[in-house]
Amino acid sequence: MSQHPITPRVAFYLTLPPLLWAGNAVVGRALVGTVPPMALSAMRWAIALVLLLPFATRLWRRPQDIRERWPYLALIGVLGVGTYNSLQYLALQTSTPINVTLILSSMPLWMLLFGILFYREHPTRPQIVGAVLSLAGVALVISRGDLKVLLDLHLLPGDLLMLVAIALWAWYSWLLARPPAHMRGEARPDWGWAELLVVQMIFGTAWAAGAAGVEAVVSPAQIHWSPMVVLALAYVAIGPSLLAYRFWGEGVSTVGPAIAAFFSNLTPVFAALMSALWLGEAPRWYHVAAFVLIGAGIVVNSRRSSV
């Protein structure tokens with residue numbers, strides 16, 4: 001299997017989403033008890049959809065393109081837009097940030113596992129070495145340089161939801177990188193990134209809205225509106241949604257999901273730095289060491305290899 005080199009442009013594409021998603025986790029945790037999780041997910045994507053619609057004009061020229069491909073489009077929309085984000089917000093209701101971060105750090109392993117089981121993509125030696133380096137960096141952040149912190153971790157109910165969310169995101173990423181024949185080459189509709197993302201949002205937002213409706217019936221809770229909530233909604237709709245998905249999709253399509261997954265391990269490092277800044281604390285030595293280890297994992301995996 002050949003690998004595309006990671007250029008500075010692609011590195012930027014794959015680094016910005018973890019930064020924005022780290023902010024999304026911080027915001028999601030901050031809104032616990034203020035906005036119900038399913039409602040937060042539904043409003044996030046509804047706002048993002050409205051903002052992006054004017055840029056997806058080519059989507060309506062040939063509606064049959066959507067009808068002919070709707071099973072695939074619905075699947076990636078429900079997986080990447082609806083389910084993953086809803087489960088993450090739900091997990092943050094009962095799980096601790098340190099546990100969610102630990103589970104998120106397993107992303108490269110899920111990517112490699114899906115590649116082996118469903119796409120006959122076997123990991124190369126650089127990928128295995130890179131995974132070890134990257135996970136070691138994440139472990140440093142999670143443990144704050146103290147092994148005892150990792151040994152004392154206890155799983156919470158929300159952790160299982162986050163595991164499911166990560167597995168679904170790995171599937172979503174592989175579907176983007178290995179689309180069916182009708183979404184490749186000349187058979188692919190004349191869509192830009194905006195059109196493809198809008199289609200995903202349509203299906204994903206519909207799913208999220210349905211989940212929010214069930215939530216309102218099963219576990220009714222009011223939204224406590226405030227300027228902070230409005231700003232938070234604006235952030236999660238524009239940053240982690242529009243910008244992050246745009247750049248992640250471009251990066252995954254260039255280097256593949258297995259390599260892109262190593263960049264996702266920057267998310268817990270960014271989250272730790274954001275928390276440190278939020279609390280007025282200076283970054284610690286293990287933040288710097290984690291960046292070095294994760295960066296080394298990315299560099300190792302950017303080497304050309306074949307199997």
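The values are calculated or read from the model by the stated rules, or taken from the named source; none is laboratory data. None of these values were measured; they are calculated from a predicted model. Quick reminder, even Gly has a Cβ in these numbers, built from the backbone with ideal geometry, and neighbours come from all protein chains shown.
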### Query
Looking at V230, is it surrounded by 15 or more Cβ atoms within 10 Å (Cβ to Cβ) and among the β-branched types (V, I, T)?
no
### Query
Any idea how many residues of the stretch 155-191 are in contact with a Lys or Arg (Cβ under 8 Å, 6 or more places away or on another chain) and either free of Cβ contacts under 8 Å to residues at least 12 places away in the same chain or not in a loop (DSSP other than H, G, I, E, B) (or both)?
2
### Query
Which members of the stretch 69-110 meet the condition of being among the polar types (S, T, N, Q) and either at pLDDT below 90 or within 15 Å of N24 (Cβ to Cβ) (or both)?
N85, S86, Q88, Q93, T94, S95, T96, N99, T101, S105, S106
### Message
Conditions first: (1) surrounded by 24 or more Cβ atoms within 10 Å (Cβ to Cβ); (2) more than 20 Å from S86 (Cα to Cα); (3) among the β-branched types (V, I, T). V236 passes all but one, so which condition is the exception?
### Response
(2)
### Message
Return the pair list, or none, for Cβ contacts closer than 7 Å from residues in the stretch 227-253 that are within 17 Å of P54 (Cα to Cα) and part of a helix (DSSP H, G or I) to residues that are among the hydroxyl-bearing types (S, T, Y) and modelled with pLDDT under 90, at least 6 apart or on different chains.
### Response
none
### Query
Just to be sure, is S95 over 16 Å from the mean Cα position of the chain (by Cα), crowded, with 20+ Cβ neighbours inside 10 Å and among the hydroxyl-bearing types (S, T, Y)?
yes
### Query
Among the residues of the stretch 253-262, is any out of contact with any Gly (no Cβ under 6 Å at 6 or more places or on another chain), of a type outside the set (D, E, K, R), on the phi > 0 side of the Ramachandran plot and surrounded by 13 or more Cβ atoms within 10 Å (Cβ to Cβ)?
yes
